[in-house]
Amino acid sequence: MAKVELKNVTKHFGTVTALKNVSYTIQDGEFFVLLGASGAGKSTTISIISGIEQADEGQILLDGRDITKEFPQNRDVATAFESYALYPHFTVFENLMFPLEAPERKRTLTREQREMRVKEVAEMLGLGDLLHRYPRELSGGQRQRVALGRTLVRRPKAYLLDEPIAHLDAKLRHRMRSELKKIQQGLGITTLYATPDQLEALSMADTVAVMHKGVIEQVGKPDEIYYRPVNLYVATFVGDPPMNVFTVDYHGDYAIVECDTPYRVPIPQRDQAMLAEKMGGCQLKIGIRPVDIRMVPPDDPRAHTRGEVVLLDTLGQTSIVTVRLKTEEIKAKVSSDVIPKLHSTIGLEMDINRFYYFDAATTLTIQ
Amino acid sequence: METNGTFEIHAEAEEIVARKDVSYYVSHILFGRVFRIVLLLLFILAILIPIVYIASTSLKEPIEIRVSGALLPTGPITTINWIKAFRNVPLVRYLFNSTVVAFFSTILVLVIAVPTTYSIIRFKTGGWFFPAWILGTYVMPPIVVSIPIFAMVKMVGLQNTLLGLLLVHTMANMPIAVWLMDSYIRAIPKELEQAAWIDGYSKFDTLRRVVFPLIRPGVLATGVICLILSWNEFLFALILTYGVQSNTFPIGISRYVGEHGLQFGEMSAAALAGIVPIYILVFLFSRNLVEGLTRGGVKG
């Protein structure tokens, strides 16, 4: 249990900068999620904290102790590798036991305690029947669970989990999300969890850090990340389907969204005041989440824009309707009861109180 | 109309079957299996003929060896060469010396070469120069260094001893061992070692508990090759040993040339006696030289 601090960490691989001046603090016992697409620098961050890679610049502190140059063995963190890294010559049981047989833990735990831990974790991850198998005899999802189990048998200062449930099937992944969160809360061990899945991030995290190309875009509570994204990248990365963003003609109390008929979209009073103060004459982009859009008949006075339905994705109870305006496309998440016909023209009403405003040039949120 | 159509289809199908038959026999039987078996037999013959020749020579009457070069004995079979081979020359002692030198030099080579290679590959020990230099020493003809080596061994008083020779063999086989181990160690996914470090193991314990079990087939293969090289080594054995107490088997064989003229029969018997142990050994180990042990460890 410990506080993990990154101070101005920079890492290059050849000419590629994997991490650019990254700083943040993971509080003691916190479930901290690194959210980002592949190549964002999540795995590099984990490698640097675990000691597999050395930072080119900056410092890593574990409970105030500088571990920047420490050998992994002496850091007392546990890592689940995205590539599993199971020991091929050991059975599942031996793989799970291996971290507990390290010199330091062999001293502090009795044989019964060690076996107990392995049994517990194996049971929890549904590996009970596989203990005598070798990694080559397991499926991808089973291997990933062993990799996760090898981490969870330990009680380190911090868990570093690199996409630990990415290769499980959807149902098991869903169960593991809540299971992992429960384990983490129960043990109270500081956890850094890397994932490209925003649903995992929002549902599990105490704090989310959105990473993009080696830079931390935003650190905050899940609802802050979702409701108050600091820039266009965070706004469109978090949320499924992603937020609709379109360039508008802004005229003070209304804006015009480009489509075949120039509708006037009213801007709420408080937003007008805020924009007047902070916008400073930039080109404005407006964002609206698909859930905040309703379908209306094309000639309905409530419509804010209209266009042709070009794609329908039915996801059971809800459907994603993709509508082409003049050049841009807009997605709406609607109830499956009322889905329109493909290629028909429909009007869209947006919840004007749920608008996000962005500066088109800097991509920063205006708020 | 319909029957006609069916007939045509049948005829076409039969033609296809017939055509396939001819081409099938040509390609699969003649150029496939037959060709492969013939090639294999030629290969086996090339390897076996010298050994068969030695074996038959060792069983021929000395007079027959002088007059006939036939592959198989034409006259009566005799064991006289075998008896004389062991009686006239202390062959058992030579075989014992060879065994000691080959066995211990191989152990020493492996004990040094495995960690060395691991260190070179994983921690870039010595940069580019060290590995290049190790391999460079193997390119040099041994005869070039024979005099300095003799001088050094004499300086520490190990000339004419098994220890002196086995140390020189250790040195001589080191480059080839490093070179052979290289590919085996490279084949191990780095993540496995990193996982072990994070799991709480030192670099040495990681080598011992994770890396070594995975490269064991490679270590065995390297060991067998070093063993054979040491067993057959002639030059250093010739200049560093000059008595029965330290002469190795290849030097022993040459004894049949000097002392009683050229004793082909005895020499053949002795050579076969020297080949047999190493053949048995390689045969036993070859079953353990399996690869693919790292399968399943990492994704992809």
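The values are calculated or read from the model by the stated rules, or taken from the named source; none is laboratory data. Model, not experiment: these values are computed from the prediction. For neighbour counting, all protein chains shown are included, and Cβ atoms are generated from backbone atoms with ideal geometry for every residue, glycine included. We work out accessible area using only protein heavy atoms, side chains counted, and drop any ligands, DNA or RNA first. Shrake-Rupley method; radii C 1.70, N 1.55, O 1.52, S 1.80 Å.
Worth pointing out:
- If only residues of the stretch A:340-363 that are hydrophobic (A, V, I, L, M, F, W, C) and touching a Lys or Arg at 6+ places or on another chain (Cβ under 6 Å) are counted, the one that is most open to solvent (accessible area, probe 1.4 Å) is A:Ala360.
- Of the candidates B:Pro148, B:Pro175, the single residue that is in a helix (DSSP H, G or I) and without any contact (Cβ under 8 Å) to a residue 24 or more places away in the chain is B:Pro148.
- Some residue of the stretch A:187-207 being more than 15 Å from the chain's Cα centre (by Cα), outside any loop (DSSP other than H, G, I, E, B) and more than 28 Å from A:Ile49 (Cβ to Cβ): no
Okay, residues lined up against (1) open to solvent by less than 20 Å² (accessible area, probe 1.4 Å); (2) of a type in the set (A, V, I, L, M); (3) over 28 Å from A:Gly186 (Cα atoms); (4) away from chain B (no Cβ under 14 Å):
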| residue | (1), (2), (3), (4) |
| --- | --- |
| A:Asn8 | no, no, yes, yes |
| A:Ala37 | no, yes, yes, yes |
| A:Ala40 | yes, yes, yes, yes |
| A:Asp56 | no, no, yes, yes |
| A:Ile67 | yes, yes, no, no |
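- Number of the condition not met by A:Glu163 [criteria: (1) out of contact with any strand residue (DSSP E or B) (no Cβ under 6 Å at 6 or more places or on another chain); (2) under 30 Å from A:Tyr226 (Cβ atoms); (3) touching a residue at least 12 places away in the same chain (Cβ under 8 Å)]: (1)
- Look at (1) over 30 Å from A:Gln218 (Cα atoms); (2) at pLDDT 85 or above and you find that A:Lys326 fails only one, number (2).
- Residue match in the stretch A:284-293 (condition: of a type outside the set (A, V, I, L, M, F, W, C) and more than 27 Å from the chain's Cα centre (by Cα)): no
- Among the candidates A:Glu112, A:Glu137, A:Glu123, residue that is farther than 30 Å from B:Phe123 by Cβ, at the interface with chain B (Cβ under 8 Å from one of its Cβ atoms) and free of Cβ contacts under 8 Å to residues at least 24 places away in the same chain: A:Glu137
- The stretch A:330-367, residues that are closer than 20 Å to A:Glu277 by Cβ and of a type in the set (A, V, I, L, M): A:Ile352, A:Ala360, A:Ala361, A:Leu364, A:Ile366
- Scanning the stretch B:254-265 turns up one or more residues that are open to solvent by less than 30 Å² (accessible area, probe 1.4 Å) and modelled with pLDDT of 85 or more.
- Criterion (over 21 Å from A:Ala205 (Cβ atoms) and either part of a strand (DSSP E or B) or away from chain B (no Cβ under 11 Å) (or both)) met by exactly one of A:Arg145, A:Arg150, A:Arg154: A:Arg145
- Filter result for A:Glu70 (assigned to a loop (DSSP other than H, G, I, E, B), at pLDDT below 95, under 24 Å from the mean Cα position of the chain (by Cα) and of a type in the set (Asp, Glu)): no
- Considering the stretch B:205-234, the residues that are out of contact with any Phe, Trp or Tyr (no Cβ under 9 Å at 6 or more places or on another chain) and away from chain A (no Cβ under 11 Å) include one that is most open to solvent (accessible area, probe 1.4 Å), namely B:Phe234.
- Filter pass, B:Thr99 being more than 20 Å from B:Leu166 (Cα to Cα) and among the polar types (S, T, N, Q): no
- Boolean, A:Val210 is assigned by TED's automatic domain parsing to the domain that holds A:Asn21, under 27 Å from A:Arg173 (Cα atoms), open to solvent by 10 Å² or more (accessible area, probe 1.4 Å) and in contact with a helix residue (DSSP H, G or I) (Cβ under 9 Å, 6 or more places away or on another chain): no
- Selected residue (criterion: nearest to A:Asp129 (Cα to Cα)) from residues of the stretch A:91-101 that are surrounded by fewer than 20 Cβ atoms within 10 Å (Cβ to Cβ) and out of contact with any His (no Cβ under 9 Å at 6 or more places or on another chain): A:Glu94
- Hey, B:Thr117 assigned to a helix (DSSP H, G or I), within 14 Å of chain A (Cβ to nearest Cβ), out of contact with any Leu (no Cβ under 6 Å at 6 or more places or on another chain) and among the polar types (S, T, N, Q) or not: no
- Qualifying residues in the stretch B:235-248 (those that are open to solvent by less than 20 Å² (accessible area, probe 1.4 Å) and out of contact with any Asp or Glu (no Cβ under 9 Å at 6 or more places or on another chain)) - the one farthest from A:Thr91 (Cα to Cα): B:Gly243
This table checks each residue for (1) open to solvent by 10 Å² or more (accessible area, probe 1.4 Å); (2) in contact with a Leu (Cβ under 7 Å, 6 or more places away or on another chain).
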residue	(1), (2)
A:Pro262	yes, no
A:Pro266	yes, no
A:Arg306	yes, yes
A:Leu315	yes, no
A:Thr327	yes, no
A:Ile330	no, yes
A:Lys333	yes, no
A:Val338	yes, no
A:Thr365	yes, no
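- Single condition A:Ala85 does not satisfy, out of (1) in a loop (DSSP other than H, G, I, E, B); (2) farther than 25 Å from A:Gly214 by Cβ; (3) open to solvent by less than 10 Å² (accessible area, probe 1.4 Å): (2)
- Checking the stated criteria, B:Leu284 turns out to be modelled with pLDDT under 85 and open to solvent by 50 Å² or more (accessible area, probe 1.4 Å).
- Among the residues of the stretch A:164-186, those identified as over 14 Å from the mean Cα position of the chain (by Cα), of a type outside the set (A, V, I, L, M, F, W, C) and open to solvent by 30 Å² or more (accessible area, probe 1.4 Å) are A:His167, A:Asp169, A:Lys171, A:Arg173, A:His174, A:Arg175, A:Ser178, A:Glu179, A:Lys181, A:Lys182, A:Gln185, A:Gly186.
- Residue that is open to solvent by 10 Å² or more (accessible area, probe 1.4 Å), of a type in the set (A, V, I, L, M) and modelled with pLDDT of 90 or more, where the choices are A:Leu232, A:Leu192: A:Leu232
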